[in-house]
Amino acid sequence: MTNRDIAVVVVAAGRGERLGASKPKAFVDLVGKPLLSHAIESIAALPHLAQLIIAVPASHLIEANDVANELVVDGDVQLDIVVGGQTRQASISNALAVLSPGAGVVLVHDAARAMTPTSVFSRVANSVRETGLSTVPVIKIADTIKRIDGDLVRETIDRNILRAAQTPQGFVAADLVRAYAEAKAEYTDDAALMQAAGLEVRAVEGHDQAFKVTTPEDLAAAEMRFGGHYRSGIGTDVHRFSQNSDKPLYLGTIVWPGERGLDGHSDGDAVSHAIVDAMLSAAGLGDIGSNFGVDRPEFAGANGKVFIEGALELLREAGFAVQNVAVQIIGNRPKVAPNRLVVEQALTAIIGAPVALSATTTDGLGFLGNTEGVAAVATALIAESRAFRASDDRLAK
């Protein structure tokens with residue numbers, strides 16, 4: 001029963017409200033790729049995989065299909081993308097409706113546990129095959145557990161008998177289909193549903209990398225843990241105020257009303273140009289001049305957004321993702337406070353990572369102190385977008 005007998009259901013229809021994202025949780029980026037991509041990469045390396053079923057919001061059917069087809073290169077794996085339901089249980093029911101008759105073992109996995117190693121999938125599937133029992137990966141609990149009543153502690157629970165459940169959870173296909181058909185209530189996980197149906201559930205060792213991304217803090221922790229090698233870069237840029245009184249001032253890709261513009265081959269946006277230099281410097285990809293030089297007429301008068309997007313594409317091709325950017329304007333003018341938030345929001349939206357803007361002066365010294373121009377200094381932190389989840393060995397490297 002070990003020849004192409006495993007179907008994996010990935011639940012990826014959650015809205016991610018606690019994550020505070022503008023898109024469904026499974027499509028939020030982690031080190032340069034959606035959570036769903038990371039999850040599929042681990043699943044695609046699973047031996048004996050026969051079918052992959054992904055439940056997603058109707059709005060993301062095409063995106064999910066593109067991601068899955070890019071990563072599942074084994075032509076013998078049946079791939080199905082279904083519309084998820086209003087609840088986790090409803091999403092799984094929709095997935096089971098297209099379950100292949102040849103699947104003897106079904107693994108149900110949450111896309112939010114995107115970094116789960118392939119070894120956990122194999123361990124759960126092997127347990128189901130060998131015992132015929134539903135199987136859940138679990139990990140020990142490090143904290144002391146208290147049972148409370150209101151704000152009063154009633155007792156300390158022996159944590160040695162407690163475990164935290166993870167996914168993928170594995171089942172004999174026929175048992176899972178029958179339990180879902182007969183379910184009369186909503187359960188927090190599939191193991192609980194199976195127990196309610198009178199079936200025993202076995203525990204196997206999980207993995208601390210199979211943690212669930214639920215909040216912004218979880219996502220930040222995952223970025224730090226799985227982001228690969230970090231690099232930082234610095235960039236500077238200076239532009240003189242234009243003698244053309246009609247030229248608008250661009251800084252951070254936006255117009256600063258009532259301010260004199262800056263001279264330059266493009267729009268003179270010192271903030272954007274410094275950020276580009278910082279990002280390229282961090283990745284070892286040269287600078288704005290070597291990549292978008294003044295000898296290229298297509299960049300004449302170009303907005304700073306053009307250069308930032310171009311630099312981001314170079315970073316992606318080199319396998320890097322921006323983690324955050326800080327930029328400081330140096331000069332007497334313009335006054336930064338009125339436009340600080342607008343610039344930060346505009347740059348954050350373009351870069352896809354937090355951007356902080358600050359300002360300082362030179363205390364009247366030099367050309368900046370004489371209000372002859374504007375300078376900007378930027379730093380960028382980037383991470384190498386490497387995915388080490390196909391096995392525990394790869395994760396350890």
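Things to note:
- In order along segment 218-225, the Karplus-derived 3J(HN,Hα) couplings, from 6.51 cos²θ - 1.76 cosθ + 1.60 at θ = phi - 60°, round to 4, 5, 5, 5, 5, 4, 5, 7 Hz, and Gly and Pro are given as x.
- If only the Cβ of Lys and Arg carry +1 and only the Cβ of Asp and Glu carry -1, the dipole of segment 104-247 around its Cα centre is close to 340 debye.
- Against the main long axis of the alpha-carbon atoms of the chain, helix 270-283 sits at an angle near 50°.
- Proximal aspartates and glutamates to Lys305, defined as alpha-carbon separation beneath 14 angstrom and excluding residues fewer than eight positions away on the same chain: Asp267, Asp269, Asp277, Glu313, Glu344
- Taken over the Cα atoms of segment 42-83, the convex hull encloses 61 Å³ per residue.
- Contour minus Cα-Cα distance for Asn291 and Leu162 (0.36 nm per residue): 40.8 nm
- Charge tally for Leu312 (other residues, Cβ to Cβ under 13 Å; Lys, Arg +1; Asp, Glu -1): -2.
- Value of relative contact order over segment 242-397, rounded to a whole percent, pairs C-alpha under 8 Å and six or more apart: 25
- Partners for Lys25 among lysines (Cα-Cα distance below 26 Å; same-chain residues under 8 apart left out): Lys33, Lys212
- In plain terms, the residue of Leu314, Leu280 with the fewest other Cβ atoms within 10 Å comes first and the most crowded comes last, giving Leu314, Leu280.
- The chymotrypsin sites (Phe, Trp or Tyr not before Pro) found in segment 263-331 include none that occupy coil by DSSP while having at most 16 further C-beta atoms within 10 Å.
- Once the Cα gyration tensor of the chain is diagonalised, semi-axes √(5λ) in Å: 51, 23, 18
- Sites Thr371 and Ala318, calculated FRET efficiency, Cβ-Cβ separation with R0 41 Å, nearest 0.05: 0.60
- Taking the C-alpha atoms only, the angle from helix 118-131 to the longest principal axis of the chain is near 10 degrees.
- The alpha-carbon of Lys146 sits under 20 angstrom from the alpha-carbons of these aspartates and glutamates, leaving out residues fewer than 8 places away in its chain: Glu155, Asp158.
- Segment 6-218: proportion of alpha-carbon pairs further apart than 27 angstrom, %: 30
- With K and R counted +1 and D and E -1, the other residues having a Cβ less than 15 Å from that of Ala270 yield a net charge of -3.
- Taking the fewest neighbouring Cβ atoms within 10 Å as the starting point, the ordered list for Met194, Met224, Met279 is Met224, Met194, Met279.
- Rounded to 5, percent antiparallel among DSSP beta bridges of the chain: 60
- Added length on full extension, which subtracts the Cα-Cα distance from 0.36 nm per residue, Ala300 to Val342: 12.6 nm
- Helices in the chain, meaning DSSP H runs of at least 4 residues, each add -39500 (n - 2.57). Divided by all residues, the mean residue ellipticity at 222 nm is -9000 deg cm²/dmol.
- Sorted by Cβ density within 10 Å, fewest first, the residues Asp29, Asp74, Asp158: Asp158, Asp74, Asp29
- Placing R0 at 56 angstrom, the Cβ-Cβ distance between Glu217 and Gln243 gives a FRET efficiency of 0.65 after rounding to 0.05.
- Under the criterion of Cα pairs below 8 Å and six or more residues apart, the relative contact order for segment 1-154 equals 30 percent.
Each value in this text was obtained by applying a stated rule to the coordinates, not by laboratory testing. Computed from a predicted model, the values in this text were never measured in an experiment. Note that each Cβ is placed from the backbone with ideal geometry, even for glycine, and that neighbours are counted across all protein chains shown.
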